[in-house]
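Please read the structure below before turning to the comments.
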Amino acid sequence: MTQYERMVAGLLYDPGDKDIMKEQVPYQDMLWEFNQLKPSDYEKKERYMKEVFAECGENCYIELPFHANWGGHHVHFGSGIYANSNLTMVDDGHIYVGDKVMFGPNVTVATANHPINEELRGRALQYNKDVYIGENVWIDANVVIVPGVHIGKNTVIGAGSVVTKDIPDNVVAVGNPCRVLRNVGEHDKEFFYKNERIDWDNL
């Protein structure tokens with residue numbers, strides 16, 4: 001089994017393998033060029049996501065800079081996704097993002113991890129576990145999502161959280177480690193911030 005095959009299978013592998021690097025580095029070069037685009041280069045941004053990402057739906061927008069180990073090549077975007085600046089996607093494994101997800105600034109989504117065993121870590125080996133983010137999720141500023149995590153649809157992850165375990169649908173979850181704070185419910189249909197009411201008729 002080649003190192004690339006081990007990588008795809010989620011096994012321990014050498015990320016510095018020459019065959020892996022031969023495929024990965026061109027995507028990193030493309031990402032460098034992507035990060036030089038102006039905010040108004042909407043079409044060029046969209047073209048990059050359509051051509052480089054594993055999947056990309058419609059009406060997706062990324063505030064630059066954007067960071068990704070494979071340039072986003074293992075990122076699967078649905079439609080209507082907004083990412084604020086400094087989104088980091090450690091996409092050695094695959095990252096699946098549902099429709100209408102919003103990322104705050106300085107969010108990190110990681111699929112790559114290193115073994116606890118010091119001998120294996122000393123050899124710079126790693127393994128990857130895919131991450132899944134459901135539709136209509138809001139991930140607030142400075143959140144870290146670790147390898148293998150699933151986040152359910154319609155969920156909010158509070159600022160500064162470190163998501164180490166799966167989070168279900170329809171909840172607000174916060175903290176380090178991230179825990180469910182409450183369900184999304186009737187209160188959220190009436191109020192948008194503390195006791196400030198949503199003026200539905202004017203929206």
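Considering only GluC sites (Glu not before Pro) in DSSP loops that have at most 15 other Cβ atoms within 10 Å, the longest stretch of the chain without any of them is 64-185.
Taking Lys and Arg as +1 and Asp and Glu as -1, the other residues whose beta-carbon sits under 11 Å from that of ILE198 total -3. Summing Lys, Arg as +1 and Asp, Glu as -1, what charge do residues with Cβ under 13 Å from the Cβ of PHE77 carry, PHE77 excluded? My count for the surroundings of PHE77 gives -4. Near ILE198, the amide H atoms lying under 5 Å from its own belong to PHE191, PHE192; only residues 5 or more places off or on other chains count, and H is placed 1.01 Å from N. Each of GLY98, LEU120, ASN84 was placed along the dipole of the range 30-145 (beta-carbon charges, centred on the mean Cα), and the one lying farthest toward the positive end is LEU120.
Sequence-ordered 3J(HN,Hα) estimates for the range 127-143 from the Karplus curve with 6.51, -1.76 and 1.60 and θ = phi - 60° stand at 9, 10, 10, 5, 10, 10, 10, x, 5, 6, 8, 10, 10, 6, 4, 6, 7 Hz, glycine and proline given as x.
Shape call for the chain from the C-alpha gyration tensor, a ≥ b ≥ c root eigenvalues: rounded (a/c under 1.5), prolate (a/b greater than b/c) or oblate? Verdict is oblate for the chain. Rounded to the nearest whole Hz, the Karplus-based 3J(HN,Hα) values (6.51 cos²θ - 1.76 cosθ + 1.60, θ = phi - 60°) of the range 109-114 follow the sequence 10, 10, 10, 8, 9, 10, with x at glycine and proline.
With respect to the chain, whose longest principal axis is taken over its alpha-carbon atoms, helix 18-34 is tilted by about 40°. Residues whose amide H falls under 5 Å from that of ILE167, counting only those 5 or more places apart or on a different chain, are HIS150, ILE151, GLY152, with hydrogens built in the peptide plane.
Annotation: amide H-H contacts under 5 Å for LYS100 (H modelled 1.01 Å from N, sequence separation of 5 or more, or interchain): SER79, GLY80, ILE81, ASN136. Its DSSP H runs of at least 4 residues, each contributing -39,500 (n - 2.57), put the calculated 222 nm mean residue ellipticity of the chain at -6000 deg cm²/dmol, to the nearest 500. Which residue fluctuates most in the GNM of the chain (Cα springs below 10 Å): GLN24, GLN36, GLN126? Of the options given, GLN36 has the highest mean-square fluctuation.
So how tilted is helix 42-52 from the main axis of the chain? Cα-based, degrees 0 to 90, rounded to 10. Orientation of helix 42-52: about 50 degrees from the principal axis.
When both the range 157-187 and the range 80-153 are represented by their alpha-carbon centers, they are found 16 Å apart.
Within the set of other residues whose C-beta is less than 13 Å from the C-beta of PRO39, count the net charge using Lys and Arg as +1 and Asp and Glu as -1. Charge balance in the 13 Å sphere: 0. Tell me the trypsin sites (Lys or Arg not before Pro) within the range 102-190 that lie in a loop according to DSSP and have at most 14 other beta-carbon atoms within 10 Å. Sites meeting the loop and neighbour criteria: ARG123, LYS165. Using θ = phi - 60° in the Karplus curve 6.51 cos²θ - 1.76 cosθ + 1.60, the 3J(HN,Hα) couplings for the range 2-8 round to 6, 5, 5, 5, 5, 4, 5 Hz; x is entered for Gly and Pro.
Bear in mind that the values in this text are calculations on the coordinates, not laboratory data. None of these values were measured; they are calculated from a predicted model. As a convention, Cβ positions derive from the backbone with ideal geometry for all residues, glycine included, and neighbour counts pool all protein chains shown.
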